[in-house]
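K.L.:
Take a look at this one; I'll ask things after.
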Amino acid sequence: MKQVIQVKLQTNPEQFSLLKATLELANRAANLASKVAFELGASRQKITGEALQRAAYRDVKAVGLSAQPAIHVCRKVAGAYATLRTNLGNGSCGKPGSKRRSKVESKPLCFRPAAAQPFDDRCLSWQHEAGTISIWTAGGRIKDIGFIGDAGQLERLKQCRKGETDLVIREGCAYLLATLEVDEPAVNADPAGWLGVDLGIVNIATTSDGEHSTGAQVLGLRERHRRLRKRLQKKGTKSALRLLKKRSRKESRFAADVNHQISKKIVTEAQRTGRGIALEDLTGIRERVRLRKPQRVRLHSWSFAQLGSFVEYKARMAGVPLLYVDPAYTSQTCHRCGNIDRKSRIDQATYHCSACGVVAHADLNAALNIAHRGAQSWADVSQPNAA
């Protein structure tokens, strides 16, 4: 499986300035290539990196790039237009004829000055024993730039790196995003049971073991972020917009950190007990559910898709089987007798079955139902073909 890890470069001011200038130069060239691609109709039909290279290579190289970085700029632009065509096809940019979609289709893609730039082994080399890299820049090649990161990830980087490495600059620091090709362990084909995970608004994740992966501190921070964001949006000044952008990045890092902690806890418990993981299939959840306004704010302010992806890749790395199940009526169904009654969900935290009288935490009840559906789904897909 592919994995992307991030390492931080330990640059001095001169090295950082050269790296920043290199990104700005590469993205200025990318904007030129983007105009050429737009004229070729890249937003409507497939334009390969090689075709764009033949059409825009001279313009890109004239900016001041060497041959290999110029080639990567053309490939980057072609990839960006491929993503755009996909987004247009699935309706992510609005319906045909809408104002939003017309705006997207009417002009070429624009690359930010600090947008990521890919480097291959000709432009960037790693010295793992010394903990340094050598990289091409607009001002010449720089050697002996130190890099730091998680010890386990650095060991995998040394053994499994494959493909290109992206240079990015964020908040005054330079980072490298390296692609790894990691061998997946064999999936446990005979799980001892299933760990159901219910995703919610108050409790971000509740397992069928009764563990609630959230707390008052997380809820308090989420509410604080929401209040500050609302206040800045209401103000609307340039400084307020600048602070909103900064706060947005801070909220994203906070959410990713919490999601990493929750997913690691879930996968570690499933691996320790030899069980599989059953998750809710929340595709289209925002369009399906009907919630009051305060609940909608909380629902839209958390990245459940990110949490699911974290659980998925961690489960693959641990050899833990994972299934997505239909979440319909899991909060209204009794995990003991199977009775479905909307009125049994007394409030957010309480479930009281109107048929058998069982009382349980509502999220735990839903997680138990999800675990049961996971076991049923696994039995259906793993049963031998009688024919």
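K.L.:
Could you sort 106-117, 260-271, 368-379 so that the peptide with the highest average Cβ count within 10 Å comes first and the rest follow in order? Before the final figure, lay out the partial values.
P.N.:
On the way: 106-117: 16.0, 260-271: 18.8, 368-379: 20.7.
The densest-packed peptide leads the list: 368-379, 260-271, 106-117.
K.L.:
Beyond 24 Å between alpha-carbons counts as too far, so tell me which of 162/265; 2/265; 2/264; 107/162; 20/250; 8/238 fall in that bin. Intermediate results must be reported in sequence, preceding the final value.
P.N.:
Numbers: 162/265 29 Å; 2/265 22 Å; 2/264 18 Å; 107/162 35 Å; 20/250 22 Å; 8/238 31 Å.
Where the Cα-Cα span goes over 24 Å, the pairs concerned are 162/265; 107/162; 8/238.
K.L.:
Let me ask another. Expressed as a fraction of 2.2 N^0.38 Å, the rule-of-thumb size for a compact globular protein of N residues, what is the C-alpha radius of gyration of region 194-382? Walk me through the numbers before you get to the answer.
P.N.:
On the way: Rg = 18.0 Å, N = 189, 2.2 N^0.38 = 16.1 Å.
Here the answer is 1.12, to two decimals.
K.L.:
Something else: Rounding to the nearest 20 debye, state how big the charge dipole of region 1-183 is about its Cα centre with +1 on each Lys and Arg Cβ and -1 on each Asp and Glu Cβ. Present the calculation step by step, with values, prior to reporting the outcome.
P.N.:
Numbers: 28 positive and 17 negative charges, 219 e Å.
Dipole about the Cα centre, nearest 20: 1060 debye.
K.L.:
May I pose another question? Which distance in nm do the two modelled labels at residue 221 and residue 184 give, with both placed 7 Å along the Cα-to-Cβ direction?
P.N.:
3.1
K.L.:
Tell me, 314, 230 in order of fewest to most beta-carbon neighbours within 10 Å? Walk me through the numbers before you get to the answer.
P.N.:
Details: 314 20, 230 11.
Lowest count first: 230, 314.
K.L.:
Can you tell me the dipole magnitude for the chain around its Cα centre, using point charges on the Cβ only (Lys, Arg +1; Asp, Glu -1), in Debye to the nearest 20?
P.N.:
Values: 63 positive and 35 negative charges, 554 e Å.
For the chain, the charge dipole is close to 2660 debye.
K.L.:
While we're looking at this one, here's another question. Per Stokes-Einstein, at 4 °C and 1.567 mPa s, what whole-number D in µm² s⁻¹ belongs to region 1-183, with the Kirkwood radius over Cα pairs as the hydrodynamic radius? Could the numbers behind the result be given before it?
P.N.:
On the way: Rh = 17.5 Å.
Roughly 74 µm²/s, to the nearest whole number.
K.L.:
Output needed: Cys residues of the chain lacking any neighbouring Cys C-beta below 4.7 Å, sorted by number.
P.N.:
Taking the Cβ cut-off of 4.7 Å, the unpaired cysteines of the chain are 74, 93, 110, 123, 160, 173.
K.L.:
Under the definition of Cα pairs under 8 Å and six or more residues apart, what whole-number percent is the relative contact order of the chain? List each step's numbers first, then the result.
P.N.:
On the way: 579 pairs, mean separation 62.3, N = 387.
Relative contact order here is 16 percent.
K.L.:
To continue, here is another question. With label points built 7 Å along Cα→Cβ from the Cα atoms of residue 243 and residue 44, find their separation and express it in nm.
P.N.:
Once both label points are built, they end up 4.7 nm from each other.
K.L.:
Here's something else I'd like to know. Going toward the positive end of the dipole of the chain, with +1 on Lys and Arg Cβ and -1 on Asp and Glu Cβ, which of 146, 317, 169 do you reach last?
P.N.:
It is 169.
K.L.:
Please list, in order along region 175-192, the HN-Hα scalar couplings obtained from phi with the Karplus expression 6.51 cos²θ - 1.76 cosθ + 1.60 (θ = phi - 60°), rounded to whole Hz, x for Gly and Pro.
P.N.:
10, 10, 10, 9, 9, 10, 10, 9, 5, 8, x, 5, 6, 4, 7, 10, x, 6
K.L.:
Then there's this: Neighbour counts of other C-beta atoms within 10 Å: give me 144, 347, 341 arranged from fewest to most.
P.N.:
Working: 144 11, 347 8, 341 14.
Ascending number of Cβ neighbours within 10 Å: 347, 144, 341.
K.L.:
Any idea what % of Cα-Cα pairs in the chain are farther than 26 Å?
P.N.:
Details: 49004 of 74691 pairs.
Beyond 26 Å sits 66 percent of the P(r) for the chain.
K.L.:
Let me ask something else. At R0 = 25 Å, how high is the FRET efficiency between residue 313 and residue 125 if r is their beta carbon distance? Nearest 0.05 is fine. Please list the in-between numbers first.
P.N.:
Details: r = 28 Å, r/R0 = 1.11.
Given R0 = 25 Å and the Cβ-Cβ separation, E is 0.35.
K.L.:
Towards the positive end of the charge dipole of region 1-183, with charges on Cβ (+1 Lys, Arg; -1 Asp, Glu), say which of 160, 80, 93 has the farthest Cα.
P.N.:
The listed residue farthest towards the positive side: 93.
Here, each number is a calculation from the coordinates, and none is a lab measurement. Worth saying up front: this structure is predicted, and the values here are computed from it rather than measured. In this analysis, Cβ positions are derived from the backbone assuming ideal geometry, glycine residues included, and neighbour counts consider all displayed protein chains.
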